[in-house]
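The block underneath contains the structure these notes are about, expressed in structure tokens.
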Amino acid sequence: QDLLDMEVKAKPPGPRWFERHVQPCVAELLGTALFIFIGCLSVLEDSGGTGRLQPALAHGLALGVTVAVLGGI
């Protein structure tokens, strides 16, 4: 009797090929491009006396923004 009362629910479809393979690659590409671009720009414009602090902060902030924006993918 218990087996007859159970409802059979269909499983939701799994992630598709695009979501499994393409989206992570695009997110990695965009994140890496932004990270390198911001880091290179921070080295070009030297504010004088900042030394290694300016590129380090630029890379850290770029990484934080990248994770915040692309983290859901």
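Contact annotation: residue pairs with Cβ atoms under 8 Å, 6 or more positions apart or on different chains, pairing a residue in the stretch 1-30 that is within 24 Å of Thr66 (Cβ to Cβ) and at pLDDT 75 or above with a partner that is open to solvent by 100 Å² or more (accessible area, probe 1.4 Å) and not in a helix (DSSP H, G or I), are Gln23/Ile73; Pro24/Ile73; Val26/Ile73; Ala27/Ile73. Sub-6 Å Cβ pairs linking a first residue in the stretch 57-70 that is basic (Lys, Arg) to a second residue that is surrounded by 13 or more Cβ atoms within 10 Å (Cβ to Cβ), at least 6 apart or interchain, number zero.
To keep it simple, each residue is scored yes or no on (1) aromatic (Phe, Trp, Tyr); (2) closer than 29 Å to Glu19 by Cβ; (3) open to solvent by 80 Å² or more (accessible area, probe 1.4 Å); (4) touching a helix residue (DSSP H, G or I) at 6+ places or on another chain (Cβ under 9 Å).
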{"residue": "Thr32", "(1), (2), (3), (4)": "no, yes, no, yes"}
{"residue": "Phe37", "(1), (2), (3), (4)": "yes, yes, yes, yes"}
{"residue": "Gly49", "(1), (2), (3), (4)": "no, no, yes, no"}
{"residue": "Ala58", "(1), (2), (3), (4)": "no, no, no, yes"}
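Taking the criterion of being at pLDDT 80 or above and loosely packed, with under 12 Cβ neighbours inside 10 Å, the residues of the stretch 61-73 that qualify are Gly64, Val67, Ala68.
The values are calculated or read from the model by the stated rules, or taken from the named source; none is laboratory data. None of the values given here were measured: they were computed from a predicted structure. Here Cβ is always computed from backbone atoms with ideal geometry, including for glycine, and neighbour counts include all displayed protein chains. Keep in mind that these areas ignore ligands, DNA and RNA; they rest on the heavy atoms of the full protein, side chains included. Shrake-Rupley method; radii C 1.70, N 1.55, O 1.52, S 1.80 Å.
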